[in-house]
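Some notes on the structure that comes next.
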Amino acid sequence: APHGIITPQRDGLWIKNVNFHNFNFNNAAALGSCSHCFKPPATDSDSRHVNFSGLTFASTVDKKIRYQFPFKGIYEDHDGSLTGKGPGSWATSDWNHNKWLTQCSVDLTVYDGILCDSTVSIRRIVIYNAQPSSLKGKNLYILPYDSDITSQFAD
């Protein structure tokens, strides 16, 4: 199951002006996530935030993305050439917390995950230096950013 490009374990990579051809064999995919994360337990949280523009896919590309363990890559499409959803759109793995009512759709066949339009942003959240059991039994809530709500906390 080969890949054309496997994205790294770092933020900020730009992939620009790449043409993909002949990815229609052996479950091949043009893009894959997380170089060196291929099996549990991975020592990193995946390919993070990768930027794309100027991609073209020939009709011989059956699968554009196949995420790899731990399935948390975040792909930002700056011109719509990856997702077909226009500039500022997103592709990421199929996790429920990334599903928005109408802004996102699931396409497991070609994209192996969720595609979202430019009205949402997908971000990685990391908690550093948590003490053992400090989050045990606690609910974590991730809500949409709303400046009307957060402005009341500004100094």
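The values are calculated or read from the model by the stated rules, or taken from the named source; none is laboratory data. Since we're looking at a predicted model, the values are computed, not measured. Using ideal geometry, Cβ is built from the backbone for each residue, glycine included, and neighbour counts are taken over all protein chains shown. When the accessible area is computed, the model is the full protein with side chains, heavy atoms only, and any ligands, DNA or RNA have been set aside. Shrake-Rupley method; radii C 1.70, N 1.55, O 1.52, S 1.80 Å.
Taking the conditions (1) out of contact with any helix residue (DSSP H, G or I) (no Cβ under 9 Å at 6 or more places or on another chain); (2) touching a residue at least 24 places away in the same chain (Cβ under 8 Å); (3) closer than 16 Å to residue 53 by Cα; (4) surrounded by 15 or more Cβ atoms within 10 Å (Cβ to Cβ) in turn, residue 87 satisfies each one other than (4). Scanning segment 70-86 for residues that are of a type in the set (Phe, Trp, Tyr) and assigned to a loop (DSSP other than H, G, I, E, B) yields a single hit, 71.
Are any residues in segment 55-83 of a type in the set (Gly, Ala, Ser) and at pLDDT 95 or above, and if so, which ones? Once the filter is applied, which keeps residues that are of a type in the set (Gly, Ala, Ser) and at pLDDT 95 or above, segment 55-83 yields 58, 59, 80, 81.
Cβ separations smaller than 7 Å between residues 6+ apart or across chains give the following pairs from segment 122-141 residues that are touching a residue at least 12 places away in the same chain (Cβ under 8 Å) to residues that are in a loop (DSSP other than H, G, I, E, B) and open to solvent by 100 Å² or more (accessible area, probe 1.4 Å): 125/142.
Scanning segment 55-71 for residues that are touching a Ser or Thr at 6+ places or on another chain (Cβ under 6 Å) and open to solvent by 20 Å² or more (accessible area, probe 1.4 Å) yields a total of 2.
Counting only residues that are open to solvent by 40 Å² or more (accessible area, probe 1.4 Å), touching a strand residue (DSSP E or B) at 6+ places or on another chain (Cβ under 7 Å) and within 28 Å of residue 24 (Cα to Cα), segment 94-111 holds 4 of them. Hey, could you check segment 4-30 for residues that are over 20 Å from residue 50 (Cα atoms) and among the aromatic types (Phe, Trp, Tyr) and say which is surrounded by the most Cβ atoms within 10 Å (Cβ to Cβ)? The selected residue is 23.
For segment 31-54, the candidate set comprises residues that are polar (S, T, N, Q) and modelled with pLDDT under 65; within that set, the residue that is least open to solvent (accessible area, probe 1.4 Å) is 45.
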